[in-house]
Amino acid sequence: MPVGHYNGGNEHNTRHLIYSRFWHRALFDLGHVNTPEPYHKRTTNGLLMGTDGKKMSKSAGNGFQVDEKIAEVGADAARTTVLSLGPWDSNVNWSEGALAGVQRFLKRVEALADNLTDDAMTPEQERLVHQLIADMTERLDSMKFNTAISAMMEFLNAFGGKMPRPAYETLLQMLNPFAPHLTEEMWEKMGHGDMLVFQPWPTFDSAKLVATEMTIVVSVNGKRANDFVVPADSDEATIVATAKEAAANKLADAQIVKTIVVPGKLVNFVVKK
């Protein structure tokens, strides 16, 4: 005593969550316990509602049996979906669409194990890895599980169809609290003898969080034409010149009448023929 972290559902706020503290303080006043508070930290979680936004119930027919859903889609997909639906302390609506998105994400993680490279990571790839560790560390500590899952999806998208092995193993470590079955299987596939759950949580180097490259979208008359990567410290003239090269086929036989630059994001050429 005291308990480090006590979590409970919102619907119990006026029941045992209050009375656990009430009785503990009464026992403290009577000298039977040696701490004035029963726990250092207390949090509450919202309810999982039906797709209709109402509390799940058999009578309303808007719910499902947990064991049946797990048998259908697997514990990893079900668990990750629930945590992705919204903030931990808010009521969230079950979504079959969200479930399908999570299933696609987990399948991509599994398939990626067969598309790893032994190439050294580029500075930008290193930045992405350290940024993921930093984001996941902060978001798990603050119980922002939904945005933590989003961070992993964005990380996967940034690498595309292939990934250096160290980056993939970091992703497995970050995903392990959400999808332990899949990640342990992939960790073993990577040749590790010890379980992933026993590995120390990775640390990040804040010096490597500074972007070395940036991806710029180039459009012509507001329609996307291409994108390109330039060093993060590139000046506007270099960015515009590179944009012209990236959209050369769209700019052929056209007169550029205006160039709009959104720093770090976009170059749009207004043209006429």
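The values are calculated or read from the model by the stated rules, or taken from the named source; none is laboratory data. Fair warning: this is a prediction, and the values are worked out from it, not measured in the lab. Ideal geometry is used to build each Cβ from the backbone, glycine not excepted, and the neighbour counts take in all protein chains shown.
Things to note:
- Scanning region 5-58 for residues that are assigned to a helix (DSSP H, G or I), polar (S, T, N, Q) and more than 16 Å from Leu85 (Cβ to Cβ) returns a single hit, Ser20.
- Within region 49-78, residues that are β-branched (Val, Ile, Thr) reach partners that are surrounded by 11 or more Cβ atoms within 10 Å (Cβ to Cβ) with beta carbons closer than 7 Å, at six or more positions or on different chains, in the pairs Thr51/Asn62; Thr51/Asn93; Thr51/Trp94; Thr51/Ser95; Ile70/Ala78; Val73/Leu99; Val73/Gln103.
- Among residues of region 26-78 being under 17 Å from Ser95 (Cα atoms), touching a helix residue (DSSP H, G or I) at 6+ places or on another chain (Cβ under 9 Å) and of a type in the set (Asp, Glu), the one that is surrounded by the most Cβ atoms within 10 Å (Cβ to Cβ) is Asp76.
- In region 241-268, the residues that are modelled with pLDDT of 95 or more never reach a residue that is in a loop (DSSP other than H, G, I, E, B) with C-beta atoms less than 6 angstrom apart, at least six apart or across chains.
- Here Val82 clears all of (1) modelled with pLDDT of 95 or more; (2) of a type in the set (Val, Ile, Thr); (3) assigned to a loop (DSSP other than H, G, I, E, B) except the condition numbered (3).
- A single member of Phe155, Phe178 is among the hydrophobic types (A, V, I, L, M, F, W, C), crowded, with 19+ Cβ neighbours inside 10 Å and part of a helix (DSSP H, G or I), and it is Phe155.
- The listed residues are Asp67, Asp76, Asp89, Asp118, and the only one of them that is of a type outside the set (Phe, Trp, Tyr), assigned by TED's automatic domain parsing to the domain that holds Ala179 and out of contact with any Cys (no Cβ under 7 Å at 6 or more places or on another chain) turns out to be Asp118.
- Residue within region 6-17 that is surrounded by 15 or more Cβ atoms within 10 Å (Cβ to Cβ), under 28 Å from the mean Cα position of the chain (by Cα) and under 26 Å from Phe159 (Cβ atoms) present: no
- Criterion violated by Asp119 - all others in (1) assigned to a helix (DSSP H, G or I); (2) closer than 22 Å to Gly191 by Cβ; (3) in contact with a strand residue (DSSP E or B) (Cβ under 7 Å, 6 or more places away or on another chain) satisfied: (1)
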